[in-house]
Amino acid sequence: MKTTVLDEIDFRILNALVQNGRASFASIGDQVGLSPHGAADRVRRLRSAGVIREFTVVIDLGSVGRSLDALIDVRLQADVAPEDFERHVGELGAVREVTFVTGRFDYQLRVACRDADDLDQTVRAVRQKAGAAQTETRIVMRSTSYRPVGP
């Protein structure tokens, strides 16, 4: 992975976009002390360099009926290929994130379920269909995102 050298203005632009990915170049320019064209040039350079990979939408999962947030640690059965596991869990509607990790477990899944029954069915599917030898589930009580980036 190639490292791109960023200056303070680049980091300020990134933070502005993290706060509002739909911010206009004029607004970004005002925040960082550049003209709209200067801000646009910087954003295009950051995209070309691969620093900004995509623009996305953050959904309030509770407002769409998926308010039970949980983490599922998974140890795979010895004969299960990681690619097969990832494909199977990617088909489960509750799975938001699949992370390959170090330690006593192989993966951590972040799931957003409708209720306890949905969580139970998701864990059962991970065990029975995706090839988990062991799981450990924790319900998320509160979560805070720290988004600013800096040098």
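For segment 48-151, which chymotrypsin sites (Phe, Trp or Tyr not before Pro) pass both filters: DSSP loop (anything but H, G, I, E, B) and at most 11 other C-beta atoms within 10 Å?
Values: sites: Phe55, Phe85, Phe100, Phe105, Tyr107, Tyr146; in loops: Phe55, Phe105, Tyr146.
Loop-located and lightly packed - Phe55, Tyr146.
Cα axis of helix 36-48 to longest principal axis of the chain: angle in degrees, 0 to 90, nearest 10?
So the helix axis and the longest Cα principal axis differ by about 40 degrees.
For the chain, set up a Gaussian network in which alpha carbons nearer than 10 Å are linked by springs, and say which option among Ile52, Ile72, Ile139 fluctuates the most.
Of Ile52, Ile72, Ile139, the most mobile in the Gaussian network model is Ile52.
Only helical DSSP H runs with n ≥ 4 go in: add -39500 (n - 2.57) per run for the chain, normalise by residue count and round the 222 nm mean residue ellipticity to 500 deg cm²/dmol.
Here the helix-only value at 222 nm equals -11000 deg cm²/dmol.
Quick check: pseudo-label points 7 Å beyond the Cα along Cα→Cβ at Tyr146 and Val18, how many nm apart are they?
Here the answer is 1.0 nm between the modelled labels.
[x] 18.1; [y] 16.1; [z] 15.5: which one is Kirkwood radius over Cα pairs in Å as calculated from this entry?
Correct label, based on the coordinates given: [x].
Can you tell me the 0 to 90 degree angle between the C-alpha axis of helix 116-128 and the longest principal axis of the chain, rounded to 10?
80
What fraction of the Cα pairs in segment 61-139, stated in percent, has a spacing above 17 angstrom? Spell out each step's value before the answer.
Numbers: 1122 of 3081 pairs.
For segment 61-139, the fraction of Cα-Cα distances above 17 Å is 36 percent.
Gly131's amide H: which non-local residues (gap 5+, or another chain) put their own amide H closer than 5 Å, with H modeled 1.01 Å from N in plane and none for Pro or chain starts?
For Gly131, whose amide H was placed from the backbone, there are no distant partners under 5 Å.
To the nearest µm²/s, what D does Stokes-Einstein give for segment 8-48 at 20 °C and 1.002 mPa s, using the Kirkwood radius over alpha carbon pairs as Rh? Let's see the in-between values first.
Details: Rh = 9.6 Å.
Answer, rounded: 223 µm²/s.
Each reported figure results from applying straightforward, stated rules to the coordinates on display, with no laboratory input. All figures in this text were calculated on a predicted structure; none of them were measured in a lab. Neighbour counts are summed over all protein chains in view; Cβ atoms, including those assigned to glycine, are modelled from backbone coordinates with ideal geometry.
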